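Taking it in order: structure first as structure tokens, then the write-up.
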Amino acid sequence: MLDREEVEKEAKSLLKESYTQKEKIKIPAQDMMTQDPDQRVLNMNEVALGYTPSQAILEANRCLQCKTKPCIEGCPVRIDIPAFIKKVAERDVEGAYDIISESSLLPSICGRVCPQESQCQKYCTVGKMFKDVDKSVGIGRLERYVADVMREQGNENLPKIEKSTGKKVGVVGSGPASISAAADLRKAGHEVFMFEALHKGGGVLVYGIPEFRLPKEIVAKELNKLEKMGVHIETNFLVGRTRKLQELLDVDGFDAIFIGTGAGLPKFLNIPGENSIGVFSANEYLTRSNLMYSYDKENSKTPQYVSKNVAVFGGGNVAMDSARTALRLGAENVTIVYRRSKEELPARREEVHHAIEEGVKFLFLHSPLEVCADEKQRVTGVKLITCELGEPDASGRRRPVEIKGTEKVFEFDTVIVAIGNNSNPLIKLTTPEIETNRRGNFVVNEDTMETSITGVYAGGDIVLGAATVIKAMGQGRKAAKAMNEFLKK
Ligand code: FAD
Ligand code: SF4
Ligand code: SF4
């Protein structure tokens, strides 16, 4: 494997002053360096190491600067992708950052975790020409490169704050929806208070997505930037318990409130044995490691469950994160149990690829029927049934159909359930007049993100159900725009 210097040297040797369209197509797609799989399962450090400067310029030159800009269609916040990539090709990283910042507040985060293959890069002309989305221009990687260079240079780019409006705004939660809303509300000159239930801000970016995919330092810097802008961040503040929503409005004098409380309530399969010792929701398993540092056995007060053979139920990003975390916590075998086949896995391609490289095993077309336990209620295995794929269901994916008589018990000592999350019901329970749908998500006016209560807005997973960082961010900004209008009245 080449080291960073060699990769940079090789990319530099391919650089030219300018390229014809034909030459652009011949530039090899630049791979991002990663930590070696054997090494990285022994640490929590970031797996993907980012482009070198010449790699970024080379990759940016693969962009054909299409007149119709199809890639922008695939970006939920409509970043002017060709324009920022052009700046990278011209070696103007600051110019590229300015263009990205017009639409996105968290490029170093989105560049890392956006499912680009199903968003911007899915629409890229280059990927379409090669009939391979992996050959699309590395839009997310370039976005990450730009944001990282700016951060490493210590360039914070604090935005201008408008003159005080005298209005007081509450933002509930501190995930990407709330971070974006708080920033835009503060920029407009309001006094902004952010209330977070946990002892640390960042939402899923901190307690869910592991350090090896998204270093916590990056999220901490974004929150720090909010504080420098003058946003007051109150942690250990559970809206619905510490203060009720109505109290914030009627007693504490908030003029408007944004709710970005996410979807943090884990779903279970409700199969026999699911209460046994050694069964975890992915939320608990990941929170113990990410937020409570249980992997740091010497210093953490939170113990880590010791496992040898781990089964993870589910096939999304949460399942991949749980499986890869289990390996890093010392499990010998980790198996993802998924009801459909590899083609239907909802996780990002890169995560599946990294999981396989690290030694995670997959049992496709298997569905859990029961968790088996010994007389002390400790997990000893899982009874699975084989499935085949039937007709497509409402999600468009082929439905798994159980094949009778194929039940079999597989030995495991730990089970992690990663089959999705619902929204937390606390605010609804303590504010019955707020309208929710049958899944418990807040119902909002799609143009303004206002809920059924005047002056109360919502966005992110609490509205969408478990979705993505960039969609949450987009909704936070949309709500802030409408709130700024509302507060002017
Ligand atoms: P959240 O990030 O969930 O933040 C909500 C915050 O509100 C939390 O901090 C919570 O503690 C707080 N809160 C809740 N109730 C209250 C209350 N009553 N009072 C005060 N505070 C409260 N998306 C991607 O795009 N790419 C990925 O690779 C990806 N990987 C993921 C991996 C995992 C393990 C998980 C769980 C999710 C992943 N997602 C990914 C989804 C993504 O993280 C979410 O869609 C996104 O974080 C939603 O943002 P949000 O701001 O709506 O809510
Ligand atoms: Fe692509 Fe996400 Fe960046 Fe938009 S924010 S350009 S979807 S990586
Ligand atoms: Fe560049 Fe691809 Fe967008 Fe065309 S579609 S402008 S090649 S990134």
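The values are calculated or read from the model by the stated rules, or taken from the named source; none is laboratory data. These numbers come from a predicted model, not from an experiment. Ideal geometry is used to build each Cβ from the backbone, glycine not excepted, and the neighbour counts take in all protein chains shown. Surface accessibility is based on the protein's heavy atoms, side chains included, excluding ligands, DNA and RNA. Shrake-Rupley method; radii C 1.70, N 1.55, O 1.52, S 1.80 Å.
Screening region 33-56 for residues that are touching an Asp or Glu at 6+ places or on another chain (Cβ under 9 Å) and hydrophobic (A, V, I, L, M, F, W, C) and picking the one that is farthest from ligand 2 (Cβ to nearest atom) gives Val41. Could you say whether any residue in region 332-341 is part of a loop (DSSP other than H, G, I, E, B), assigned by TED's automatic domain parsing to the domain that holds Glu407 and among the aliphatic types (A, V, I, L, M)? Checked region 332-341: no residue is part of a loop (DSSP other than H, G, I, E, B), assigned by TED's automatic domain parsing to the domain that holds Glu407 and among the aliphatic types (A, V, I, L, M). Looking at region 371-456, the strands (runs of 3 or more DSSP E) lying wholly inside it that each contain 1 or more residues that are surrounded by fewer than 17 Cβ atoms within 10 Å (Cβ to Cβ) and assigned by TED's automatic domain parsing to the domain that holds Ile336 sit at 379-392, 398-402, 408-411.
Quick grid of which residues meet (1) open to solvent by less than 60 Å² (accessible area, probe 1.4 Å); (2) of a type outside the set (Val, Ile, Thr):
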site	(1), (2)
Met129	no, yes
Asp134	no, yes
Gly140	yes, yes
Glu162	no, yes
Gly170	yes, yes
Gly173	yes, yes
Ile179	yes, no
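Summed over region 197-229, the residues that are part of a loop (DSSP other than H, G, I, E, B), farther than 21 Å from Leu185 by Cβ and either within 16 Å of ligand 2 (Cβ to nearest atom) or open to solvent by 40 Å² or more (accessible area, probe 1.4 Å) (or both) give a count of 7.
Might you let me know whether region 288-295 holds any residue that is crowded, with 22+ Cβ neighbours inside 10 Å, closer than 15 Å to Asp321 by Cα and either over 17 Å from the mean Cα position of the chain (by Cα) or within 12 Å of ligand 1 (Cβ to nearest atom) (or both)? Yes. Within region 372-396, residues that are within 16 Å of Glu274 (Cβ to Cβ) have Cβ atoms under 7 Å from residues that are of a type in the set (Gly, Ala, Ser) and not in a strand (DSSP E or B) in these pairs: Cys372/Gly273; Ala373/Gly273; Ala373/Ser276; Gln377/Ser276; Arg378/Ser276; Arg378/Gly278; Val379/Ser276; Val379/Gly278, counting only partners at least 6 apart in sequence or on another chain.
In the set Gly476, Gly420, Gly440, only one residue is within 16 Å of the chain's Cα centre (by Cα) and modelled with pLDDT under 95; that residue is Gly420.
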